[in-house]
């Protein structure tokens, strides 16, 4: 849950990008890092293997600015997508305020998307959180791949009840990256207000 | 269940900073930080003689990740927990210890300082900080974020993430 530091007058939120391996979670963060002005971001940390696969997590702090005297910051994390890194994935979800699920539009990744969503549910469950209780935004990334899966098909496997908003994205050129981040951030803010 | 948050402010915050300050003075360490387990800095202090510390956000995030991974390892080995983390390099060392269930104390020191001294004063600080953080746990629903705050933040989102 969000952390308020009254002494430093800061409110911090933790947003985690989740999804199958190679779906573009790190690419989303890299785009944000490239576009946000230097005075509004911290350094980006990537704990990755030599071939740039996320090993533990990527981290990027973004300063939204001051609201009602409080500096508001979003800490963006990605998890490693590969199936065998589940232990690390679970750790990153601790204290999460909002999740962006980055699905892969490549035709051979339908099952991987479904399995990753199931894994997200299981891991949140271990912290006693149900997916319905947490702000969750879906992103169908790589819309530019050949024979990209239809949006309805992706949503049908990861969100059969059409409960969540799904955004189209091509993270390599930034399409949909900010829309997704804004959507999850707004959702997180609304939830905190509703809780109060 | 949503994890409780620690909101350190007022007298509790001042006391925490004093504990960190005493720790630095008595142990001879460079930097002392109190973090929550999610990787957010709750309080920090630098020795007067120490140069500017590295990015505190990055430091906190990595230490929290490291501590979480260490606890997962402990569980795999059938241990309830590994109490402390110690890293020693050629010129700097880092010592981290749990402060109750929700926080961590991190001490960065020069390797010229004996590790035993860091641990001794570190553990003393932990016991003082444990009480302070326990009393500062708040229900997330009572953090006082209202619709005015949400609308202000929402406007800033548009300004920062304009396409």
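Computed values, structure above
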quantity: Among the candidates A:175, A:165, residue that is surrounded by fewer than 21 Cβ atoms within 10 Å (Cβ to Cβ) and more than 10 Å from every other protein chain (Cβ to nearest Cβ); calculated: A:165
quantity: Subset tally (residues that are within 16 Å of the chain's Cα centre (by Cα) and either away from chain B (no Cβ under 11 Å) or part of a helix (DSSP H, G or I) (or both)) for region A:17-45; calculated: 17
quantity: Qualifying residue in region B:98-105 (condition: modelled with pLDDT under 90 and facing chain A (nearest Cβ under 10 Å)); calculated: yes
quantity: Flag if residue B:57 is without any contact (Cβ under 8 Å) to a residue 24 or more places away in the chain and under 23 Å from residue A:4 (Cβ atoms); calculated: yes
quantity: Residues located in region A:68-79, provided they are more than 27 Å from residue A:18 (Cβ to Cβ) and either touching a residue at least 12 places away in the same chain (Cβ under 8 Å) or more than 10 Å from chain B (Cβ to nearest Cβ) (or both); calculated: A:69, A:70
quantity: Enumerated strands (runs of 3 or more DSSP E) restricted to region B:1-96, each holding at least 2 residues that are within 30 Å of residue B:145 (Cβ to Cβ) and within 14 Å of chain A (Cβ to nearest Cβ); calculated: B:31-36, B:41-46
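Yes or no, residue by residue, for (1) more than 9 Å from chain B (Cβ to nearest Cβ); (2) in contact with a strand residue (DSSP E or B) (Cβ under 6 Å, 6 or more places away or on another chain):
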position	(1), (2)
A:143	yes, yes
A:160	yes, no
A:190	no, no
A:193	no, no
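The values are calculated or read from the model by the stated rules, or taken from the named source; none is laboratory data. Given the structure is predicted, the values throughout are model-derived calculations rather than measurements. All Cβ positions, glycine included, derive from the backbone under ideal geometry; neighbour counts span all protein chains shown.
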